[in-house]
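The values are calculated or read from the model by the stated rules, or taken from the named source; none is laboratory data. All values reported here derive from a predicted model rather than from experimental measurement. Note that each Cβ is placed from the backbone with ideal geometry, even for glycine, and that neighbours are counted across all protein chains shown. Note: accessible area is taken over every heavy atom of the protein model, side chains too, but ligands, DNA and RNA are not part of it. Shrake-Rupley method; radii C 1.70, N 1.55, O 1.52, S 1.80 Å.
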Amino acid sequence: MATLPNALPKLAADPTGRTLGLGLPPGKVIGTLLWHADTAATPAGWAALGEARAAGLVPLLLDFGSQGGPEGWELMPGETSYPGDHDPEEVLAEYWEDLADDDWPGLASVPEATDADPDAVAAELAAHLLTDGTWLKEPRLALVPARRSADIAAAIGWSGPVNHEGDVARLCAVLRSWEDRFGVRVVALTFDQLIVSVATPPTTADAARAVAAEHYAFCPDNVDQSGFPTSDAYAEQLVGREIWSFWWD
């Protein structure tokens with residue numbers, strides 16, 4: 001695996017980002033892990049970060065709410081492996097074996113192709129999260145050096161799912177698979193919550209049930225503590241849904 005060039009040292013030297021072709025608000029670089037803005041995010045700010053991908057930086061919303069910012073999140077980049085070293089179905093099947101009594105049902109099928117642009121859907125979700133006011137308490141813009149949005153959690157050593165999985169790169173391998181099959185993009189992280197956009201969500205009840213099985217293996221708290229009376233009820237709300245969120249206790 002070739003090492004990904006890290007543009008964060010350039011941001012540390014030039015906080016405006018002009019040397020990278022960016023115009024960034026005042027912010028802070030945390031080591032070689034990420035850059036984040038000092039002030040609240042806006043939809044226009046997210047749109048402006050789209051150019052950062054050319055510099056190997058992936059946009060993200062970070063919530064500086066009740067748990068504070070990433071400086072206090074116990075990030076553990078040294079404890080993570082590389083997402084590409086893990087097979088997503090093997091990861092999910094292993095989780096499933098520990099959680100369920102029946103056999104692993106296998107990966108959900110790839111939905112029919114649509115004209116939806118995953119990055120555009122991500123931008124729409126970011127705008128919703130920033131204006132809705134219920135999902136994030138104090139969102140700020142961030143940039144993470146990563147090959148793709150699915151790798152963000154591994155790149156920063158995010159420890160949100162630590163009670164379920166100690167090596168978040170294994171979950172990132174699943175996110176890569178969801179990127180490929182469902183047009184998923186990681187849009188926001190809090191201390192213990194992951195929010196993704198979904199460009200091609202399941203469109204039938206059967207397809208949604210297959211996706212729900214993956215969700216359960218990926219994040220059992222999502223189903224066990226969701227408030228839905230049955231797994232089928234959880235699956236029903238996934239039909240056509242362009243936002244998936246995951247929370248680990």
Under the condition of being acidic (Asp, Glu) and within 19 Å of the chain's Cα centre (by Cα), which residue from the stretch 83-96 is surrounded by the fewest Cβ atoms within 10 Å (Cβ to Cβ)?
Asp85
Quick check on this structure: which one of Leu4, Leu61, Leu34 is closer than 21 Å to Val198 by Cα and either of a type outside the set (Ser, Thr, Tyr) or touching a Lys or Arg at 6+ places or on another chain (Cβ under 8 Å) (or both)?
Leu61
Taking only pairs six or more apart or across chains, which ones have beta-carbon atoms under 8 Å, a first residue in the stretch 76-92 that is at pLDDT below 95, and a second residue that is open to solvent by less than 70 Å² (accessible area, probe 1.4 Å) and of a type in the set (D, E, K, R)?
Glu79/Asp167
Going by what's in this entry, would Thr190 be described as in contact with an Asp or Glu (Cβ under 6 Å, 6 or more places away or on another chain), modelled with pLDDT of 95 or more and of a type in the set (Ser, Thr, Tyr)?
yes
If you go through Trp35, Trp73, Trp46, the only one that is closer than 22 Å to Val174 by Cβ, buried (at least 19 other Cβ atoms within 10 Å of the Cβ), among the aromatic types (Phe, Trp, Tyr) and touching a residue at least 60 places away in the same chain (Cβ under 8 Å) is Trp73
Working carefully through the options Thr131, Thr80, Thr114, find the one that is hydroxyl-bearing (Ser, Thr, Tyr), open to solvent by 30 Å² or more (accessible area, probe 1.4 Å) and over 23 Å from Gln193 (Cβ atoms).
Thr114
Of all the residues that make up the stretch 139-185, how many are among the hydrophobic types (A, V, I, L, M, F, W, C), assigned to a loop (DSSP other than H, G, I, E, B) and in contact with a Lys or Arg (Cβ under 8 Å, 6 or more places away or on another chain)?
0
Selection count where residues are touching a Phe, Trp or Tyr at 6+ places or on another chain (Cβ under 7 Å) and of a type in the set (Phe, Trp, Tyr), scope the stretch 159-207:
1
Take the residues in the stretch 132-168 that are of a type in the set (Val, Ile, Thr) and at pLDDT 95 or above; name whichever of them is farthest from the chain's Cα centre (by Cα).
Val162
Quick test for you: out of Leu99, Leu61, Leu107, pick the one residue that is open to solvent by less than 50 Å² (accessible area, probe 1.4 Å) and either at pLDDT 95 or above or not basic (Lys, Arg) (or both).
Leu61
When Arg140 is run through (1) touching a residue at least 60 places away in the same chain (Cβ under 8 Å); (2) surrounded by fewer than 21 Cβ atoms within 10 Å (Cβ to Cβ), the failure sits at (2)
Within the stretch 168-203, residues being out of contact with any strand residue (DSSP E or B) (no Cβ under 8 Å at 6 or more places or on another chain) and open to solvent by 30 Å² or more (accessible area, probe 1.4 Å) number 4
Considering each residue of the stretch 204-249, count those that are open to solvent by less than 60 Å² (accessible area, probe 1.4 Å) and either touching a Cys at 6+ places or on another chain (Cβ under 7 Å) or under 19 Å from Leu92 (Cα atoms) (or both), and give that number.
23
Tell me, which residue of the stretch 236-249 that is in contact with an Asp or Glu (Cβ under 9 Å, 6 or more places away or on another chain) and not acidic (Asp, Glu) is farthest from Val162 (Cα to Cα)?
Phe246
